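Each remark here refers to the structure printed beneath this line.
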Amino acid sequence: MRISALEEYGLRCLLALARVGCDGQLSIADIAEREAISVPYASKLLSTLRKTGLVKAVRGRGGGFCIARPASEINLLEVITGIGGPLIDPNHCRRYSGNLEKCIHTDNCSVHYTLVGLSRLVGEFLSKTTLEDVLNTPGIQDLTKIESRVMLAAASAKPSRSSADVPGNPVTGQANIKN
């Protein structure tokens, strides 16, 4: 898994807005300066974040952008997928089919299931980590606080079939379980 520059800088811009809260706002120039990026790049990122509903544009004199919801209500999965798309490209198997139009392993692909499992784990971590968590975790030594909470939440979740037994959706990472 790779986090693109677009996703990282988008997250950083969103965190800058989260620091000033829902009642505060920052101009594009303020955000660009705080994050050491160009104004056109900050503008592009904020436009994308606005389209995802994570930030709002404030018009008029002294306008700019503000975070759309409290930092405690925005998880990192929303941010990363809102900016960069799904964790696993829905066309992944088509893009890596070798010399054929369709991958020869489409019906029973351990690589696909492994990637879906990884996507599910990453997605779970990201969905249980909010912008507030990131703001309140100043150093790498505090990362274990987030990891522990995610592991506790996962352990308390209702047990289901193993991800190795269940084909998953490569877009959402959710298991395709039929009742």
Discussion item. I'd like to check something: does segment 57-65 contain any residue that is surrounded by 14 or more Cβ atoms within 10 Å (Cβ to Cβ) and among the charged types (D, E, K, R)?
Written reply: no
Worksheet entry | Output for segment 68-81, where each listed residue is touching a residue at least 60 places away in the same chain (Cβ under 8 Å) and over 20 Å from L115 (Cα atoms) | P70, A71, S72, I74, V79
Practice prompt. Answer yes if at least one residue in segment 1-20 is part of a loop (DSSP other than H, G, I, E, B) and touching a Lys or Arg at 6+ places or on another chain (Cβ under 8 Å), and no otherwise.
Written response: no
Fill in: Meets criteria (over 19 Å from G10 (Cα atoms), crowded, with 18+ Cβ neighbours inside 10 Å and modelled with pLDDT under 70) for I146
yes
Fill in: Residue among S97, S72 that is within 30 Å of A18 (Cα to Cα) and either at pLDDT 75 or above or part of a loop (DSSP other than H, G, I, E, B) (or both)
S72
Worksheet entry | Scope segment 21-55; condition in contact with a strand residue (DSSP E or B) (Cβ under 9 Å, 6 or more places away or on another chain), touching a residue at least 24 places away in the same chain (Cβ under 8 Å) and either under 26 Å from G123 (Cα atoms) or not in a helix (DSSP H, G or I) (or both); matching residues | G21, C22, D23, G24, Q25, L26, S27, L46, L49, L54, V55
Worksheet item: So which residues in segment 76-94 are at negative phi and either at pLDDT below 75 or in a loop (DSSP other than H, G, I, E, B) (or both), if there are any at all?
Response: P86, L87, I88, D89, P90, N91, H92, C93, R94
Worksheet item: Can you tell me which residue in segment 1-18 is modelled with the lowest pLDDT, limited to those that are out of contact with any strand residue (DSSP E or B) (no Cβ under 9 Å at 6 or more places or on another chain) and of a type outside the set (A, V, I, L, M)?
Response: R2
Worksheet, complete the sentence: Residue pairs qualifying under the 8 Å Cβ cut-off, at least six apart or on distinct chains, with the first in segment 107-123 being within 20 Å of G85 (Cβ to Cβ) and the second being of a type outside the set (V, I, T) and part of a helix (DSSP H, G or I), are H112/H92; H112/C93; L115/H92; G123/L77
Discussion item. Taking the condition of being aliphatic (A, V, I, L, M) and touching a Phe, Trp or Tyr at 6+ places or on another chain (Cβ under 8 Å), how many residues in segment 50-75 meet it?
Written reply: 3
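The values are calculated or read from the model by the stated rules, or taken from the named source; none is laboratory data. Computed from a predicted structure; not experimentally measured. Positions of Cβ are backbone-derived with ideal geometry, glycine not excepted, and every protein chain shown enters the neighbour counts.
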